[in-house]
Each structure stands twice: as structure tokens, then as C-alpha cells.
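Peer 1: Below you'll find the structure I mean.
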Amino acid sequence: MVVGGFQVGIETVPYQVAIFYAGELLCGGSIIGLHWVLTSYHCVSTRIPSDYGIVVGVTNPEADGRRIHVEDFIFPAVTESDKTYDIALVKLNQSLVYSEAVQCIPLLSVHDAIGPGKPAYISGFGFTQDGGSETQLKIATIQVLPWQTCQEAYPTLMRKYLLCAGVTEGQVDACHGDSGGPLVVDGQLAGVVFFGKGCADPNHPGVYISVPWFYDWIVDAVRNQSNAENRELCTAAKQELGTIDDKE
């Protein structure tokens, strides 16, 4: 669960999904099309679709959710020496039905739109701190930080396709169990939760996979599907999503 945020209903972030592995809540993800969820590679690294279930449209996925089966995974080409291409497409075995609680989020395609100081929103069902958890959806406001800030915090790990985000004082962050979840800027999916050191450590901001960096790969992977029904990606939010302040 997000640290430093507050509880909301799924209607606030209807693109948020919960990913279960072997019956346990493991990660988050984002709905980007009728058959598609975007998440982190390390959340689905067994590559066995039957190991996973996806829950959409509920605030407490362990109590309320019916798990949708996974048909397949798609991963970007990556060498064994570079594990930081930590992004994955999850293809669902059935089409979603959009509602107030289930909606897609459009992909941010332009990297320049994610400048330092830009407000961003994170959400998830994971841990509230190192060592404790609740499966209640939370959301929080952070901001995009200079790439160099994370380069200083993680000198051997940063790559040009990674984003740095958080708050300089700490106290607000994605935490364990939020991996794969959304970083949202201007109502569009800008990043995928990747890693950090601890949760809300002021000296170690969160690191996110850049969606604009992988935008062409995502679009090509989806539009190369043989079945036309599976080629749909979100082009605009199905309803106007409010800001965090609108929900307080």
C-alpha cells in the first residue's frame, strides 16, 4: 500500500488492478485496453499465465474480487545483463467491461511532459510501511524529481529509461506490493512502479519505468495481435478523472 497517502474507492483510480500469484496479492498494474494490463516484469516473471489472476473494479481485492485469467505475457527484448527493462504486458483471456469502477488510462507518449517538479499520483494495495500491510486501496501525490537525484541515490542502477519521483522530505512513496502499479501525470500513465530502498526514505526516492520510453514497443505489441478485438488501446479516459484534491 502507498505510504503517506489516504484511502479511496476504486472509482477514484478505476484503471488500478491487483495482480495475484498463487492465490496471494503480489503487485499492482494498470488497465490500458479492453484486454491489456501494464505492469512490471518482476511481477510476472514465472511467465506461466495460469499462475496469475487479475482483479479489477474493487477497492478490497482480497475480499471482493473475481479473478480474471491471464492468456499471455509480452516482454520487451532484453539481455540477461540488463534486468532493468522491468515492464510487461498482460493479455487477459476476456474483454473487460468498462464502468465507473473499471476504466482504462491512456499512455503518455512524450517524455518531455514528465519534467522535474511535475505533480504525479501513485496508488496501490501494498504495504503501508516496511513490514506491515493492508489490502485497502490508497493514493498519494508526489512529484517528478530530477533524474540526477536518483542517480545519486542509486549510482549503479539508474538508466535513461527510468524516472525518479517522490517528495524530498520522504514520508510519501509506493511500497512493497505496489510494484507494477501506476505513476500518473496529467491523467496519463507516465510510469510503472519499479523499485526503491525501503519505503518513503527521504534519501532514496522511488524509481519508475518510463512509459514514454516504451510507448512504441507497447503500441506495436498490441497492434500486432492477430485478432482485431485484441488490438484496442486506451486513447482517452472514459470519464474525467479528478485530482487528489478533488477527492479529499
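Bear in mind these aren't lab numbers, they're just calculated from the coordinates by the rules spelled out. Since the structure is predicted, the reported quantities are computational estimates derived from the model, not experimental observations. Cβ coordinates were reconstructed from backbone atoms using ideal geometry, including for glycine residues, and neighbour counts include every protein chain displayed.
Peer 1: Provide the per-residue ³J(HN,Hα) series for segment 227-232, in order, calculated from phi with Karplus coefficients 6.51, -1.76, 1.60 and θ = phi - 60°, each as a whole number of Hz, with x at glycine and proline positions.
Peer 2: Calculated HN-Hα couplings, in order: 8, 4, 4, 8, 9, 7 Hz.
Peer 1: In addition: Can you give the extra length, in nm with one decimal, that the chain gains between residue 51 and residue 69 once fully stretched, where that is 0.36 nm per residue apart less the Cα-Cα distance?
Peer 2: Net length gain for the segment: 5.6 nm.
Peer 1: Which of 85, 15 comes first, and how do the rest follow, when ranked by fewest Cβ neighbours within 10 Å?
Peer 2: Neighbour counts put them in this order, fewest first: 85, 15.
Peer 1: Next up: Per-residue counts of other Cβ atoms within 10 Å, averaged by peptide: what ranking do you get for 185-193, 17-25, highest first?
Peer 2: 185-193, 17-25
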